Amino acid sequence: MEETHVGISVEVNGRPHRSTVEPRTLLVDYLRDDLGLTGTHIGCDTGQCGACTVIVDGQSVKSCMVLAVQADGAHVRTVEGLAQDGRYHAVQQGFWEKHGLQCGFCTPGFMMQSVQILEDNPDPSDQEIRDALEGNLCRCTGYQNIVEAVKAAGATIRSGAETMALGTGVGA
Amino acid sequence: MHPAPFAYKAAHSVEEALELLRSHEDAKILAGGQSLIPALKLRLTQPAMLIDISKISSLRGIRRENGKLIIGSGTTHREIEKSSLVAEASPLLASLAPQIGDVQVRHRGTFGGSLAHADPAGDWPAAALAVDAELVIAGAHGTRTVHASDFFTGMLSTVINADELLTEIRVPGEGTPGIYLKHRNAASGYATVGVAVTATHNHGRIGTVSIAVTGATPVAFRASAAEHALTGHAVSAHLLDEAASHAADGLECLSDIHAPAAYRAQLVKVMVRRALGKLLHA
Ligand SMILES: Cc1cc2nc3c(=O)[nH]c(=O)nc-3n(C[C@H](O)[C@H](O)[C@H](O)COP(=O)(O)OP(=O)(O)OC[C@H]3O[C@@H](n4cnc5c(N)ncnc54)[C@H](O)[C@@H]3O)c2cc1C
Ligand code: FES
Ligand code: FES
């Protein structure tokens, strides 16, 4: 009889986790249900919308298209890990400044893919941004402000400027 | 949507993967998972076990050997897209890679997985046919090499047996000009029709030319009538029109909610003409 559960070690946002999962568990369900990290959203569950985008070992993936067991030994970054040392990530600040979201459902996925874009190239052209956001769908914004948000975040990263402290800006 | 339960083993060498395939009935290879996981979720397939080959480092990488590009089956679409070696040695592959899915899918999906899957709307099968790739398949009794023209046997099927593994793909790498053009399904991004073309020409005269088409029929195919109409002739817009007009001769095209057969046949001719025009500047 094959084992019905498998042990995995995954580092998520810098924190190590040891878990036992069924092989059929999707990475997105592991993050949301087992680790309680519900910032990663499920939009379509068919690989189309990108709401579930997280970064595994430096590469953005759709976590509804990856098994949790495949992340054994990997470093995973989710939207919860973006803010660091009491400050927003430049991408979070960019989305806030440029109104890169409306309902916000798609936003965690867009932000993680935006992080990937800027880590690949901190000064992408509009077309490069649009091409690299192809796997993310937004029903609200019309994309223009998302592209602006990525550009603003790129500018912040290139300038080395400090980002907003957590709690400032948002309804404060 | 959740897959039905299955057992899982990550293999760390080709030998281990083959041994696992041999000793487990109803086991399936898992590479990038970008076609298999959707199928598992829809329960279109319910294997008893998945053998993960994505951690086998020998299956990954791109190198040049005796004028050929040797691409490991586990090399991702994204690695091919970003490879300067591929850009130099095979403009066709370089032009195709960024047209697959999106960045996230390309980060995981693999060259070998796409060929082994043989999706009628998949992009790589057209390129493999156009460059006459050699596919190396490992099994219990060693390896065998199969030409792309003999590799695809039908919709979603190839000559790979249940106890075998596609390990590497050899592609001519002398920089032959080539291009891939794709008419994307607006919702899925897959090819309604995709056309891979390579051609050499000398002083305005076409040398060798290859044209392969995916998306239109259950299996990707070479448009030989159109190729013959071009070989050895002087490049002109009229010649390309004439050749492209034969690209769909005798085809039995797929028909579905996205595109009826007649539309696909028309697209084959249009896309072949566009690809030839782009490549040969006419
Ligand atoms: C949202 C989305 C969009 C996509 N868009 C496109 C697109 O535009 N064009 C396109 O061509 N594809 C597209 N794909 C599919 C993608 O390219 C897949 O990566 C590819 O079809 C399969 O490769 P894989 O490595 O993911 O294989 P898997 O999904 O892991 O496996 C696919 C099949 O091949 C078998 N297999 C895999 N590797 C081997 C091997 N080495 N030896 C023997 N058998 C093997 C598996 O057992 C399985 O049956 C898309 C996928 C998604 C989710
Ligand atoms: S939920 Fe994963 S791509 Fe939509
Ligand atoms: S902000 Fe509503 S879906 Fe993008």
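Here are a few things to note about the model shown:
- Protection proxy ranking for B:56-67, B:1-12, using the average of other Cβ atoms within 10 Å per residue and placing the highest first: B:1-12, B:56-67.
- Placing unit charges on the Cβ atoms only, positive for Lys and Arg and negative for Asp and Glu, gives the stretch A:1-48 a dipole magnitude near 220 debye about its Cα centre.
- In terms of its C-alpha gyration tensor, chain A has a prolate overall shape, because the principal axis ratio a/c (a ≥ b ≥ c, square roots of the eigenvalues) is not below 1.5 and a/b outweighs b/c.
- Reachable aspartates and glutamates, given that their alpha-carbon falls under 15 Å from the alpha-carbon of B:Lys269 and they are not under 8 places away in the same chain: B:Glu227, B:Asp241, B:Glu242, B:Asp249, B:Glu252
- GNM result for chain A, Cα springs below 10 Å: residue of A:Asp45, A:Asp85, A:Asp126 fluctuating most strongly: A:Asp85
- Using Cβ point charges alone (K and R +1, D and E -1), the dipole size of chain B about the Cα centre works out to roughly 680 debye.
- Under 23 Å from the Cα of B:Lys68 - lysines, other chains or at least 8 residues apart: B:Lys82
- Two tests apply to each whole DSSP H helix in chain B, Cα reach of 24 Å or more along its axis and mean Kyte-Doolittle hydropathy of at least -1.0, and the ones passing both are B:261-280.
- Comparing mean-square fluctuations of B:Gly154, B:Gly194, B:Gly112 from a GNM of chain B with C-alpha springs under 10 Å, the top value falls on B:Gly154.
- Each of B:Ala118, B:Ala148, B:Ile71 was placed along the dipole of the stretch B:60-172 (beta-carbon charges, centred on the mean Cα), and the one lying farthest toward the positive end is B:Ile71.
- Gyration tensor verdict on the protein assembly as shown (Cα atoms; rounded if a/c is under 1.5, prolate if a/b is larger than b/c, oblate otherwise): oblate
- Taking other residues whose beta carbon is less than 12 angstrom from the beta carbon of B:Glu16, and scoring Lys, Arg as +1 and Asp, Glu as -1, yields 0.
- 23 Å Cα-Cα reach of B:Lys28 towards lysines, excluding residues that sit fewer than 8 places from it in its own chain: A:Lys62, B:Lys9, B:Lys41, B:Lys55
- Counts of other chain beta carbons within 10 angstrom of each beta carbon in peptide A:21-31 average 3.
- With at most 14 other Cβ atoms within 10 Å, longest stretch of chain A clear of loop GluC sites (Glu not before Pro) (DSSP): A:4-161
- Loop GluC sites (Glu not before Pro), the stretch B:154-252, which have at most 15 other Cβ atoms in a 10 Å radius of their Cβ (DSSP): B:Glu174, B:Glu252
- Between B:Glu65 and B:Ala261, the C-beta separation translates, for a Förster distance of 41 Å, into a calculated FRET efficiency of about 0.45.
- Peptide-level mean, for A:58-69, of C-beta atoms on other protein chains within 10 Å: 6
- Taking A:Val69, B:Val136 and counting other C-beta atoms within 10 Å, the order from fewest to most: B:Val136, A:Val69
- Residues whose amide H lies under 5 Å from that of B:Thr158, counting only those 5 or more places away or on a different chain, are B:Thr153; hydrogens are built 1.01 Å from N in the peptide plane.
- Charged side chains reduced to their Cβ positions (Lys and Arg at +1, Asp and Glu at -1) give the stretch B:180-282 a dipole of some 320 debye around its Cα centre.
- Close amide H partners of A:Met164, meaning residues 5 or more places away or on another chain with modelled amide H under 5 Å apart, are A:Tyr88.
- Coarse-grained scattering of the stretch B:178-280 at q = 0.12, 0.14, 0.24 Å⁻¹, given as base-10 log I(q)/I(0) from a Debye sum over alpha-carbon atoms: -0.36, -0.48, -1.24
- Modelled label reach - B:Ala225, point 7 Å along Cα→Cβ, the stretch B:253-282 residues with backbone N closer than 12 Å: B:269
- Neighbouring Cβ atoms from other chains, within 10 Å of the Cβ of residues in A:131-138, number 3 on average.
- Taking a Cβ cut-off of under 14 Å around B:Val159, the surrounding Lys, Arg, Asp and Glu residues balance to a net charge of -3, with basic ones at +1 and acidic ones at -1.
- Net +/- balance of residues flanking B:Ala97 in space, Cβ distance below 13 Å, scoring K and R +1, D and E -1: -1
- Within the listed set A:Ser114, A:Ser63, A:Ser159, the Gaussian network model of chain A (springs between alpha-carbon atoms below 10 Å) gives the highest mean-square fluctuation for A:Ser159.
- Efficiency of FRET between A:Ala83 and B:Asp132 - r from beta-carbon atoms, R0 56 angstrom, step 0.05: 0.60
- Placing a label point 7 Å from the Cα of B:Asn202 along the Cα-to-Cβ direction, the residues of the stretch B:220-248 whose backbone N falls under 13 Å of that point are B:232-233.
- Cβ-based charge dipole, the protein assembly as shown, positive-most Cα from A:Val54, B:Ser95, A:His75: B:Ser95
Just so you know, all these numbers are worked out from the coordinates, no wet-lab data involved. Please read all numbers here as calculations on a predicted model, not as lab measurements. Note that we place each Cβ from the backbone using ideal geometry, even for glycine, and neighbour counts take in every protein chain shown.
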